[in-house]
Amino acid sequence: MTAVVEQKAFQERMFARIRDQIGELMTDDELKVIVAAAIKKAFFEPIEERDSWGRGTTKPPAFVTLIQELLKDQVKEAARDWVEKNPDVITKALNEVLEKGFYGIVIAHIQNQAYGPMNELANQLRNKGLI
């Protein structure tokens, strides 16, 4: 809620500054529409960038980036707390991954070791016309 209140205060300050500089060229309603559109574009729309080759990349909106920066430490702390409070879940998951990974490594090694001799045998049999 604080971010919403701060955004409203920012919007009001921006509105007042523009009103002072522009004077009576446009109505308050017109100015409010322009300020709201500018804030939406600046903070809430994805950022499109192009490199020197013309390739485009899309970055998250500035508001999303700001929130991520502000919450980074809190998320790290929450994750650290969860890991400390759930060592049995972590141990079980690690064991499952390591078992699957270990068996996969052993199978891949056996296949790699057997491939060369089996391929050579198949070539010799082809050369003799047996297969």
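FYI, it's all coordinate maths here, none of it is from the lab. Here the structure is a predicted model, which is why all the values come from computation and not from measurement. As a convention, Cβ positions derive from the backbone with ideal geometry for all residues, glycine included, and neighbour counts pool all protein chains shown.
Shown here: log10 I(q)/I(0) by the Debye sum over Cα atoms at q = 0.11, 0.12, 0.18, 0.21 Å⁻¹, derived from the displayed model; of the candidates (1) -0.50, -0.58, -1.04, -1.23; (2) -0.78, -0.83, -1.08, -1.18; (3) -0.34, -0.40, -0.93, -1.25, it corresponds to (2). Projecting the Cα atoms of ALA114, ASN86, LEU98 onto the dipole axis of the chain, where Lys and Arg carry +1 and Asp and Glu carry -1 at the beta carbon, places ALA114 farthest toward the positive end. Computed from phi, the 3J(HN,Hα) profile of the stretch 54-70 under the Karplus parametrisation 6.51, -1.76, 1.60 (θ = phi - 60°) reads x, 6, x, 10, 10, 10, x, x, 4, 5, 5, 4, 4, 5, 4, 5, 5 Hz, with x in place of Gly and Pro.
From the cross-link list LYS59/LYS85; LYS8/LYS59; LYS41/LYS72, which pairs have alpha carbons spaced over 29 Å apart? Listed pairs above 29 Å: LYS59/LYS85.
Summing charges over neighbours of ILE47, with a neighbour being any other residue whose Cβ is under 12 Å away from its Cβ, gives 0 when K and R count +1 and D and E count -1. For the options ALA108, ALA16, ALA62, a Gaussian network treatment of the chain with springs between C-alpha atoms closer than 10 Å singles out ALA108 as fluctuating the most.
With loop membership from DSSP and a limit of 15 other Cβ atoms within 10 Å, the longest segment of the chain without chymotrypsin sites (Phe, Trp or Tyr not before Pro) is 54-131. Just the number, please: Stokes-Einstein D of the stretch 86-131 in µm²/s, Kirkwood Rh from C-alpha pairs, 4 °C, 1.567 mPa s. Translational D for this selection: 97 µm²/s. Amide H to amide H distances under 5 Å link ILE47 with LYS59, where only residues 5 or more positions off or on other chains count and H is placed in the peptide plane.
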